[in-house]
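Here is the structure we will look at, set down as C-alpha cells.
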Amino acid sequence: MTRRYSALSLFKEGLAGQTGWKQAWRSPEPKPSYDAIVIGGGGHGLATAYYLAKNHGIARVAVLEKGWIGGGNTGRNTTVVRSNYYYPESVELYGLAHRLYEGLSKDLNYNVMLSRRGMVNLCHSTVEMEMGARTVNAMQINGIDAELFSPEDVRRVAPIYNFSPDARFPVFGGIWQRRAGTARHDAVAWGYARAASRLGVDIIQNCEISDFIIEGGRCRGVRTTRGTIRAERIGMAVAGHSSVLAAKAGFRLPINSYALQACVSEPVKPILDTVVLSPGTGVYVSQSDKGEIVIGGGLDRIPSYAQRGNLPTLETVVAGLLEMFPIFGQLKLMRQWAGIVDVVPDSSPIIGESPLPNLFLNCGWGTGGFKAIPAGGTLLANLLATGRHNDISRPFDLDRFASGRLIDEAAGSGIAH
Amino acid sequence: MQLFPCPFCGPRDETEFHFGGDAGNVRPDGADLPIERWANYLYLRSNPKGAAREIWVHVTCGEFFVMERDTVTHEVLSSTALGGEHAA
Ligand SMILES: Cc1cc2nc3c(=O)[nH]c(=O)nc-3n(C[C@H](O)[C@H](O)[C@H](O)COP(=O)(O)OP(=O)(O)OC[C@H]3O[C@@H](n4cnc5c(N)ncnc54)[C@H](O)[C@@H]3O)c2cc1C
Ligand SMILES: [Zn+2]
C-alpha cells in the first residue's frame, strides 16, 4: 500500500517486512494517441513529461524509450551538479536547473541525494589564475556563488592533491563553487518517472522510434516498435542519437556524436569530500557515497556511436589522475564505461522548434547535461505546452547558428572537451 | 589501440589523427548566398550512425584525406588521398 515515501512509511514497511512497496511507476500499454509525446526516457525526457503534467496540466503524455529509462547518458554520467557558467544566457539556464535541483527531493518525494560538497576548478599558472579571477567576477556579477581560492584554500579542501614542489600541475589557486556537488543520477531518472507516472504520464520502455508520421508538412506522430502513436506536439530528448532521428525527420543538426568515458575505483574510506577538476590534466574526480573514486575526463577523439570508449583516452585520464593524486596509484579500477554525447560547436544545448513543425528539440547537452535536467525539462515542457519560447530558452534556439549569436561556453564553463 | 591508415604513411596509431568533418561539405561559392547556406556549410553535420565518409588529417605528416569508416564498429573501409578535385 505504500505510495508516499516518508520516515513513517519506512518504519511501517520495516514492521511489515518490506512487503508493501508498490512499483514506482506504471508500465501501461501505449495508447493510439496522446496530447504530447516525449521521445527519450533519459532525465530530460522524464523531466519534460513531469513538468508538462505539473506546470501545464497536460497529463495525456507518453514518454517513449527504446531501452530502459535512465539507460542512456543519465545513468552513465559522473553526477556533477554545478552552475559555474560564464555567459548570462547560460547563467539563467543552469541557475534555474541548480535552484530546482535544490528542491527536487522534496518536489518529487524521492531522495535524489543531492550533496553540496563544493567543487574547485584548479588554476595551474598565473595566466590561469587571471582567467579564474575573470570567471569568478562574471559569476558573482551574475548572482552565482563563486570564490577565488588561494593555494592554501585548495589545500584545505583537497589536502591529498599533489602539492609537491616538482608537481607537473602546481596549484596557483582555483575557482570554488560551494553549492556545487553531486546527485544520484539513477535517482533523478527514477524520481521523475515516479512523479510523472503519479500525475498520469505513460512511461513506455522498449519502444524505439523508427520513423515520424509527417502529414501536411507537420509532424503528427511516430512509428515505433510498439505501433503507431499520434500527437500534435512531439518533443525529443535523445542526446547522442539526435542526428539519427533528425535524419528520419528530414533535417540535419549542428551535432557530432562522441563517446565520453568515465571509470570508478574500488570503494575506499572517505578521503576526498569535494569535486576537483584540473584543466591541465583534463580530469575531474569525486568520491561517491559508497566510497568509489569517480573519474571523468575529456571526450574521445573520434566521432563514434560505439558505447564503450577507446583506450588512448582512458590512458590519458588515468595518467592525469595520478599526476593530480599520486596517492590513488594503489587503487584498482572496478569499471569503465562510456555514453554517446551530442557535441555542438558552441558547447551549449539546442532547445526549440525543429525544422519540422510540431517537433521540438532538447539536445546538444554534450558532456554536461545532467546538471541541467530540471531546466531542460521545464523548458521543453513549456515549448510543448505553449508552442513558444520563454526568455530562458529563446537564446538556445537552433536559429542561433544562422544568426551567429553563439553562446560559446567551451572555455567559459571550464568543461573538459 | 586502433591503427588508422594514412594514404601516405600507412597504418599509424589513432592518436596521430584528427577528425576534420563530413567529406563533400564543399565551401559555398558566390556573392549573394543566403545566410542559411553559410550556416549549413559551417555548422550542420550528417553525423551518421554506421557508414560515414569523413575528412581526416594525419597530424604527423600534415596530409588531409578521406576515410570511409563505420561509426559503430570503427571498421575502416577505405582511405584515399584528397585529389585536386573536390572530395564528393
Ligand atoms: C561519462 C559521462 C560523464 C558525464 N558527466 C556529467 C557530469 O558530471 N555532470 C553533468 O552535468 N553531465 C554529465 N554528463 C552528460 C549528461 O550525462 C548528459 O548530458 C545527460 O544525461 C543527457 O540527458 P538526456 O536525458 O538528454 O539523455 P539520455 O540520458 O542519454 O537519454 C536519452 C534517451 O533516448 C533514448 N533514445 C535514443 N534513441 C531513441 C529512439 N530512436 N527511440 C526511443 N528512445 C531513444 C536512449 O535510449 C536514452 O535513454 C556525462 C555524460 C557521460 C557519458
Ligand atoms: Zn601521414
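A short reminder: the numbers here are calculations on the coordinates, not readings from a lab. Because the structure is a prediction, the values reported are computed rather than measured. Note that we place each Cβ from the backbone using ideal geometry, even for glycine, and neighbour counts take in every protein chain shown.
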Averaged over every viewing direction, what's the projected area of the C-alpha convex hull for segment A:348-417? Give it in nm², one decimal, please. 4.9
Those cysteines in the protein assembly as shown that have no second cysteine Cβ within a distance under 4.7 Å are A:123, A:207, A:219, A:263, A:363, B:61
Could you work out the mean count of beta carbons from other protein chains within 10 Å of each residue's beta carbon in A:185-196? 0
Among the listed pairs A:106/A:371; A:31/A:66; A:12/A:54; A:12/A:269; A:54/A:106, give every one whose C-alpha distance is greater than 22 Å. A:12/A:54; A:12/A:269
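Rounded to two decimals, what is the ratio between the C-alpha radius of gyration of segment A:1-86 and 2.2 N^0.38 Å?
Working: Rg = 16.8 Å, N = 86, 2.2 N^0.38 = 12.0 Å.
Segment A:1-86 yields a ratio of 1.41.
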How far apart, in nm, are the 7 Å Cα→Cβ label points at residue A:220 and residue B:42? 3.8
Only Cα pairs within less than 10 Å get springs; with that Gaussian network setup on chain A, which residue of A:103, A:42, A:369 has the largest fluctuation? A:103
Debye intensity ratio in log₁₀ form over the Cα atoms of segment A:216-257, taken at each q of 0.21 Å⁻¹: -0.79
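Can you give the mean number of other chain Cβ atoms that lie within 10 Å of the Cβ atoms in peptide A:293-305?
Rounded to a whole number, the mean comes out at 3.
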Partner chain Cβ atoms within 10 Å, averaged over the residues of B:45-53 - can you pull that number for me? 6
Using Cα-only point scatterers and the Debye equation, what is log10 of I(q)/I(0) for segment B:4-88 at each q in 0.11, 0.26 Å⁻¹, rounded to two decimals? -0.34, -1.31
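Using the per-residue mean of other Cβ atoms lying within 10 Å as a proxy for protection, in what order, highest first, do the peptides B:71-83, A:227-239, A:281-293 fall?
With the highest mean Cβ count within 10 Å placed first, the list reads A:227-239, A:281-293, B:71-83.
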At R0 = 25 Å, how high is the FRET efficiency between residue A:335 and residue B:8 if r is their beta carbon distance? Nearest 0.05 is fine. 0.05
For segment A:76-96 and segment A:210-240, write down the distance between their C-alpha centroids in whole Å. 30
Ranked by GNM mean-square fluctuation in chain A (Cα springs under 10 Å), the top entry among A:27, A:354, A:150 is A:27
Considering the Cα trace of chain A, what is its radius of gyration and what is Dmax, both in angstroms? 21.5, 69
Cα-only Debye scattering, segment A:232-312: base-10 log of I(q)/I(0) at q = 0.16, 0.21, 0.26, 0.27 Å⁻¹: -0.78, -0.98, -1.19, -1.23
Relative contact order, percent, chain A [alpha-carbon distance under 8 Å, six or more residues apart]: 23
